[in-house]
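Report on one structure; see the data block that follows.
The values are calculated or read from the model by the stated rules, or taken from the named source; none is laboratory data. This one's a predicted model, so the numbers in the text were calculated from it and none came from an experiment. Cβ: placed from backbone, ideal geometry, glycine included. Neighbour counts: every protein chain shown. All accessible areas refer to the heavy atoms of the entire protein, side chains included, with ligands and DNA or RNA removed. Shrake-Rupley method; radii C 1.70, N 1.55, O 1.52, S 1.80 Å.
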Amino acid sequence: MAITASQVKELREITGLGMMECKQALTETDGDIDAAIEVLRKKAGAKVEKKASRTAAEGAIGITVSGDRKSAAMVEVNSETDFVAKGDEFMSFAQAVAETIVVGCPTDISALQEMQLVGSSDSVAKSLEAMVVKLGEKMTVRRYKNLKTDGHIGSYVHGRKIGVLVELEGGDDVLAKDIAMHIAALSPAYVNKDDVPAEVVDKEKEIFSAQAKESGKADEIIEKMVVGRVNKFLNEICLLGQPFVKEPDLTIEKLLKGAGASVESFIRYEVGEGIEKAEDDFAAEVMAQVKGG
């Protein structure tokens, strides 16, 4: 029978193994998911188990920037526990995946999985599978971004869990890193006010107007209050309006202007953002593992 992409996806999510391995197992078992899991367990070892109910929300950010600072890549690789994520092997894998992205420029995650991992004779998928078997946790390459520019790229990784790439025109490497560090710390949503969608601004105006009317002040005063609050809101969520984290009396806009530079774009990743984590009893989990041998 023909094996569908959705079947392969389901089996990959359950086992944490590679696409080709999952497809082959499904082919061997005529699409029977449970039977395919058993095939994979026999082939990959006892540590491959049903993992669909387990959440890979820990992990690490890998970043690579080319020597000329014209191209870069950032990737988030996830594991189930922070203990595994901070290990040298996991960290090295995340970094190697980032290097693979810069070299190979994949079009999507599936294409990346099939690329040969930098520094290895195996593909990204095979290398990830080997770590799953060795360390016994569900692991995924969750997302990545490529960045190319005619200017130059700054980067910063904070504590392995927050990564930033920033594209600058003008300035220097010191400024680029300072801006990347600032973005990591204050997490702006946009570069400038013009980037903020109209519906976001309208929603805030609606909220601020309702709040201001409670004051009982005249309409013209309420209008000024709303304008002031909206401007404050925009400065808080836009990079250029934020006070520079190293020198709060100076906005990022003024910092850049003084250096004759501009920020064209930025990307900020934080490990696990958007993933719902299960609230597990860690002590009970450890005891269960101990009893399980």
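Using the heavy atoms of the protein chains and a 1.4 angstrom probe, tell me the accessible area per residue for the chain in square angstrom.
Accessible area per residue: 53 Å².
Calculated FRET efficiency, residue 231 and residue 107, Cβ-Cβ r, R0 45 Å, to nearest 0.05?
Taking R0 as 45 Å, the efficiency between residue 231 and residue 107 is 0.65.
Mind giving me the FRET efficiency for residue 247 and residue 130? R0 is 30 Å, r the Cβ-Cβ distance, nearest 0.05 is fine.
Using R0 = 30 Å, I get an efficiency of 0.05.
Roughly how many debye, to the nearest 20, is the charge dipole of the chain about its Cα centre, given +1 on each Lys and Arg Cβ, -1 on each Asp and Glu Cβ, and no other charges?
Its charge dipole is roughly 380 debye.
Take residue 9 and residue 254, extend 7 Å from each Cα along the Cα→Cβ direction, and tell me the distance between the two endpoints in nm.
5.0 nm
Report in % the part of the accessible area of the chain that belongs to carbon and sulfur, leaving out ligands and nucleic acids; probe 1.4 Å.
51 percent
Taking the Cα centre of the stretch 173-232 as origin, work out the dipole magnitude from +1 charges on Lys and Arg Cβ and -1 charges on Asp and Glu Cβ, in debye rounded to 20.
About 220 debye.
Please work out how much accessible surface residue 86 shows to a 1.4 Å probe, ignoring ligands, DNA and RNA, in Å² rounded to 10.
Here the residue's solvent-accessible area equals roughly 120 Å².
Could you give the length gained on full extension between residue 273 and residue 120, defined as 0.36 nm per residue of separation minus the Cα-Cα distance, in nm?
Residue separation times 0.36 nm, minus the Cα-Cα distance, leaves 52.1 nm.
Looking at 158, 180, 208, which one has the Cα that reaches farthest to the positive end of the dipole of the chain (charges on Cβ: Lys, Arg +1; Asp, Glu -1)?
It is 158.
State, to one decimal in nm, how far the label point of residue 223 lies from the label point of residue 33, with both points 7 Å from Cα in the Cβ direction.
It is 6.0 nm.
Among rounded, prolate and oblate, which fits the stretch 166-283 when a ≥ b ≥ c are the square roots of the eigenvalues of its C-alpha gyration tensor, a/c under 1.5 means rounded, and a/b larger than b/c means prolate?
Oblate shape, in that a/c is at least 1.5 and b/c is the bigger or equal ratio.
Of 27, 15, 81, which has the largest mean-square fluctuation in a 10 Å C-alpha GNM of the chain?
27
Students often get this wrong, so try it: which of (i) 1.15; (ii) 1.10; (iii) 1.24 is Cα Rg over 2.2 N^0.38 Å as calculated from the structure shown?
(iii)
Over the chain, what is the percentage of antiparallel beta bridges among all DSSP beta bridges, to the nearest 5?
In the chain, DSSP labels about 95 percent of beta bridges as antiparallel.
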